[in-house]
Amino acid sequence: MYLDRFDPLKGERLEILDAEGRVDEALRPDLPDGEVRRLYGWLHRVRAADRMALALQREGRMGTYAPMEGQEACQMAAAALGEADWLVPSYRETGAMWLRGVPLATLYRYWIGDERGSVWPGELQVLPVAIPVGSQALHAVGLAWALKLRKEPGAVLVFFGDGATSQGEVLEAMNFAGVFQTPTVFFCQNNQYAISVPRRRQTAARTIAQKAVAFGFPGIQIYGNDLFSVIGAVGEALDRARSGQGPALIEALTYRLGPHTTADDPTRYRDEAEVERMRPFDPLRRVRAYLEGKGLWSEADEEALAAEVRAEVERAVEETYAVPEPDPSVIFDHTYAALPPYLQRQKEELLGSLGGGAGRG
């Protein structure tokens with residue numbers, strides 16, 4: 001319905017829900033209004049959690065953090081995943097991982113530098129945060145290939161940014177996926193900047209989506225601030241992958257309203273006027289406009305949701321810092337089965353300087 005209809009080589013882009021909250025019914029995916037309300041709640045949760053993380057970092061209570069304000073609709077791609085599917089994030093998918101079932105307190109724990117922040121409860125099919133740009137695309141294709149070889153159900157949804165498409169890992173992953181027809185859905189959040197480098201200086205290609213053509217599978221450019229387009233395109237690509245028809249590439253055109261990370265100063269490479277021009281395209285605004293237009297949302301609903309979300313995020317913060325601090329020695333424990341001699345020496349020096357390895361408390 002979408003992948004065959006919108007050709008990136010012709011400059012075509014999928015947009016179903018416009019900035020005024022109007023839906024193109026001919027393109028609307030199977031997204032009942034009750035589900036729209038539920039996902040609108042998640043859009044709010046993700047924004048609130050994101051802003052809380054920024055505040056904690058500015059207070060010195062969290063390490064470097066990658067915010068996602070403006071990209072919340074892209075995070076909802078995780079809502080299209082089925083039980084047997086896998087989510088492979090980069091470092092900007094706090095919202096998608098939370099939606100998939102990773103507790104927010106666990107995700108916060110990761111960003112404060114606690115190794116336990118990469119350990120999920122239960123059997124969640126979510127890989128850990130990947131900081132090296134684009135490296136997770138190879139992991140995703142390997143995972144998808146394993147599913148295919150083992151004849152197991154499911155597909156793999158992998159996130160990365162537009163900057164990652166300039167990395168060899170992503171291109172190698174797509175080439176492998178195309179050759180071996182792995183059940184992989186590549187989801188590129190094109191937020192216009194690879195840290196400080198604008199999209200136009202990263203690639204001469206007209207779109208990122210069209211690069212899929214070179215690898216022998218479909219690519220589509222969608223408007224990434226449109227919840228309906230995200231759910232529709234990702235849902236179709238996952239269905240296609242699960243049924244053995246191979247990979248697909250989705251380029252979600254969006255805009256990063258904040259910095260690349262809290263270590264970045266975006267005022268050095270873009271002006272505030274540009275950011276203000278993009279605010280009316282906020283993904284939350286258009287979903288709220290849709291719900292209000294159908295009489296499904298009111299100011300009282302908005303206030304109640306805001307209070308509920310604020311309390312939920314504050315509970316997660318309390319839970320994050322309530323656990324006992326880890327023993328410093330654990331920073332050496334999870335990379336090598338047998339510690340190399342130079343790291344063993346570093347571990348002994350650290351523990352010696354701390355008086356034998358007691359915890360920080």
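What to note about this one:
- From the options Pro198, Pro183, residue that is modelled with pLDDT under 95 and either in contact with a Cys (Cβ under 7 Å, 6 or more places away or on another chain) or of a type outside the set (S, T, N, Q) (or both): Pro198
- Set side by side, the residues Gly161, Gly134 differ, and just one is open to solvent by 10 Å² or more (accessible area, probe 1.4 Å) and either in contact with a Lys or Arg (Cβ under 8 Å, 6 or more places away or on another chain) or farther than 30 Å from Pro32 by Cα (or both), which is Gly161.
- If you go through the range 213-241 and keep only what is surrounded by 19 or more Cβ atoms within 10 Å (Cβ to Cβ) and among the β-branched types (Val, Ile, Thr), you end up with Ile220, Ile222, Val230, Ile231, Val234.
- From the list Glu172, Glu115, Glu123, the one residue that fits, being more than 15 Å from the chain's Cα centre (by Cα) and closer than 16 Å to Ala209 by Cα, is Glu172.
- Checking Pro198 against (1) in contact with a helix residue (DSSP H, G or I) (Cβ under 9 Å, 6 or more places away or on another chain); (2) open to solvent by less than 20 Å² (accessible area, probe 1.4 Å); (3) not β-branched (Val, Ile, Thr), the condition it does not meet: (1)
For every residue, the table says whether it meets (1) touching a strand residue (DSSP E or B) at 6+ places or on another chain (Cβ under 7 Å); (2) modelled with pLDDT under 95; (3) not hydroxyl-bearing (Ser, Thr, Tyr).
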site	(1), (2), (3)
Arg268	no, yes, yes
Pro283	no, no, yes
Ala307	no, no, yes
Thr335	no, yes, no
Ala358	no, yes, yes
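- Residue among Ala337, Ala307 that is under 28 Å from Leu54 (Cβ atoms), free of Cβ contacts under 8 Å to residues at least 60 places away in the same chain and of a type outside the set (Phe, Trp, Tyr): Ala307
- Of the set (1) over 24 Å from Val126 (Cβ atoms); (2) touching a residue at least 12 places away in the same chain (Cβ under 8 Å); (3) touching a Lys or Arg at 6+ places or on another chain (Cβ under 8 Å); (4) not aromatic (Phe, Trp, Tyr), all apply to Asn191 but (1).
- Scanning the range 100-118 turns up one or more residues that are closer than 30 Å to Leu296 by Cα, open to solvent by less than 40 Å² (accessible area, probe 1.4 Å), in a loop (DSSP other than H, G, I, E, B) and not small (Gly, Ala, Ser).
- Just one of (1) out of contact with any Pro (no Cβ under 6 Å at 6 or more places or on another chain); (2) buried (at least 19 other Cβ atoms within 10 Å of the Cβ); (3) modelled with pLDDT of 95 or more fails for Gln210. It is (1).
- Flag if Met52 is open to solvent by 10 Å² or more (accessible area, probe 1.4 Å), hydrophobic (A, V, I, L, M, F, W, C) and more than 20 Å from Arg240 (Cα to Cα): yes
- Selection from the range 10-49 of residues that are small (Gly, Ala, Ser) and in contact with a Phe, Trp or Tyr (Cβ under 9 Å, 6 or more places away or on another chain): Ala19, Gly21, Ala49
- Ile222 vs. criteria in a strand (DSSP E or B) and over 20 Å from Glu169 (Cα atoms): yes
- Within the span defined as the range 26-42, every residue fails to be modelled with pLDDT of 95 or more and in contact with an Asp or Glu (Cβ under 6 Å, 6 or more places away or on another chain).
- Of residues in the range 206-219 being assigned to a loop (DSSP other than H, G, I, E, B) and of a type outside the set (D, E, K, R), the one farthest from Gln181 (Cα to Cα): Thr207
- Verdict on Ala146 being of a type in the set (Gly, Ala, Ser), part of a helix (DSSP H, G or I) and closer than 15 Å to Ala248 by Cβ: no
The values are calculated or read from the model by the stated rules, or taken from the named source; none is laboratory data. As the structure is a computational prediction, the values presented were derived from the model and not from experiment. Virtual Cβ from ideal backbone geometry, glycine too; neighbours counted across all protein chains shown. Ligands, DNA and RNA are excluded from the accessible area calculation, which covers all protein heavy atoms including side chains. Shrake-Rupley method; radii C 1.70, N 1.55, O 1.52, S 1.80 Å.
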